[in-house]
1. Evaluate the chain: find the radius of gyration of its Cα atoms, find its Kirkwood radius, and give the ratio Rg to Rh.
2. Any number yet on Rg/Rh for segment 83-208, C-alpha, Kirkwood?
3. Give me, ordered by chain and number, the residues 5 or more places off LEU2 or on other chains with an amide H under 5 Å from its own placed amide H.
4. Indicate the gyration tensor shape class of segment 338-382 (rounded, prolate or oblate), computed on the Cα atoms with a ≥ b ≥ c the square roots of the eigenvalues: a/c under 1.5 is rounded; otherwise a/b larger than b/c is prolate and the rest oblate.
5. What's the percent breakdown of Cα-Cα distances in segment 10-146 across 5 Å bins, shortest bin first?
6. Expressed as a fraction of 2.2 N^0.38 Å, the rule-of-thumb size for a compact globular protein of N residues, what is the C-alpha radius of gyration of segment 153-308?
7. Using a basic spin-label model with each label point 7 Å from the Cα along Cα→Cβ, how many nm lie between ARG66 and HIS16?
8. PHE308: net charge of surrounding residues, Cβ under 13 Å, Lys/Arg +1, Asp/Glu -1, itself excluded?
Amino acid sequence: MLSYQQARALVISRLHAIFSEPHTESVALAGALGRVLAGDILADRDYPPFDRAIRDGYAVRSADTRSSATLRCVGELKAGDTPTVSVAPGTCIQIMTGAALPAGADAVVMIEHTQRNGDIIQLDRACKPGQHVVLRASEQAANQIVLSKGTRFSFSEIAAAAQVGAAPVTVFAKRRVGILSTGDEVVDFTASPGPFQIRNSNAASLAAQVQAMHAEPIALGKAQDSREDLHAKIAAGLLTDALVLSGGVSAGKYDFVEAVLRDLGAEIIFDAVAIRPGKPVVFAICQGKPVFGLPGNPVSTMVTFDLFVRPAVEILSGTEPGPLPFIEAAVVKGLSEKPGLTHFLPAKAEYGAHPLVTPLVWQGSGDIIAMTRANCLLVVPPDRETIEPNERVQILPRGLW
Ligand code: AMP
Ligand code: MG
């Protein structure tokens, strides 16, 4: 059986193989958070555009500076001023953070290291050339790439686009991810379930996971556990960019998802991964579209989305999936799990210089409520049956990926 690393690698390579670029659209910077840049953004001028003082103090010739040296102050420059006076030997100009360094000066002495008496400034130390100055173009030269195509906008990228005057920005259109639930027992979460029915929580969590990736969830409702209904609804779902099903992939008599995908001509890339929760997970390419058959147990659905669907949606969105952001933590409480599978257990981490993690009590992969108490997944490798207290393990923080 595939390891989750092998399964992820298969998803990534198959998605690269079928990828074609999404459409683009123009969005205001205010709407760019989380969106993927569709073309390089270049610097419109040098950054900084001038040699910039980064402290309040005096613009000096560094060669003039030493302990107890005195300089005559011949002017003042605040941020936004055009320098007109140059700094001749034996003189200085008072300068504020953000102002352009005047001609003649090559450094800034912090105000804290001076004493002023009228126009005479006494220094208490020498300074080096370039001190407290950021040179023109040292951050980026004009016409060089500031943000490259495929970058996802976070606040710093939004600031960079604003700085270079690139707003509005051209981004890739959001991918449409179809969500189709299966199961005769499943009713819409707005409905009242009968005594042995359950509400469709997977449709809700999957839509949220898709939204969190700045893709567009397309609610396709629910298919009954019959080949005919599944066939019709999967076929309709293939109009989206990627299709995610929940349920119907185990070994039960009414688990038809894989068979129906085959009927529709799908190439099944894998149908099981050595993990718990989430072992019976299907990845197929059907009529050129990626299709994921996630197990129906809600925690399995959440975990397998994050492990396998996420990288696919990243690639479809025009960007690259990063590696899983593991953190090392010491387990507070020992545990033992069935070997041969990688376990992803809901756990509570205390982050800090030496992270600690406690596995939570849970009732298995149907226990949504335990997941709400978890802030990470604790990873138990397949070659381990028991983990002793204080041992180091890997955890996957929630909300980081
Ligand atoms: P399945 O993968 O279809 O065998 O379902 C496994 C378990 O998950 C069963 O207990 C189902 O009732 C439950 N389940 C399936 N689909 C959903 C859903 N959409 N929302 C909540 N639970 C579900
Ligand atoms: Mg089912």
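1. Working: Rg = 29.6 Å, Rh = 25.2 Å.
Rg divided by Rh gives 1.17.
2. Numbers: Rg = 30.1 Å, Rh = 21.5 Å.
Taking Rh as the inverse mean 1/r over Cα pairs, Rg/Rh reads 1.40.
3. Correct list: ALA274.
4. Values: a/c = 2.93, a/b = 1.19, b/c = 2.47.
Judged from the Cα gyration tensor, segment 338-382 comes out oblate (a/c at least 1.5, b/c at or above a/b).
5. 2, 10, 16, 15, 12, 8, 7, 6, 6, 5, 5, 4, 3, 2, 0
6. Working: Rg = 17.5 Å, N = 156, 2.2 N^0.38 = 15.0 Å.
For segment 153-308, the normalised Cα radius of gyration is 1.17.
7. 6.1
8. +1
A short reminder: the numbers here are calculations on the coordinates, not readings from a lab. In this text the structure is predicted, and so the values were computed from the model without any measurement. Cβ atoms come from the backbone with ideal geometry, glycine included; neighbour counts cover every protein chain shown.
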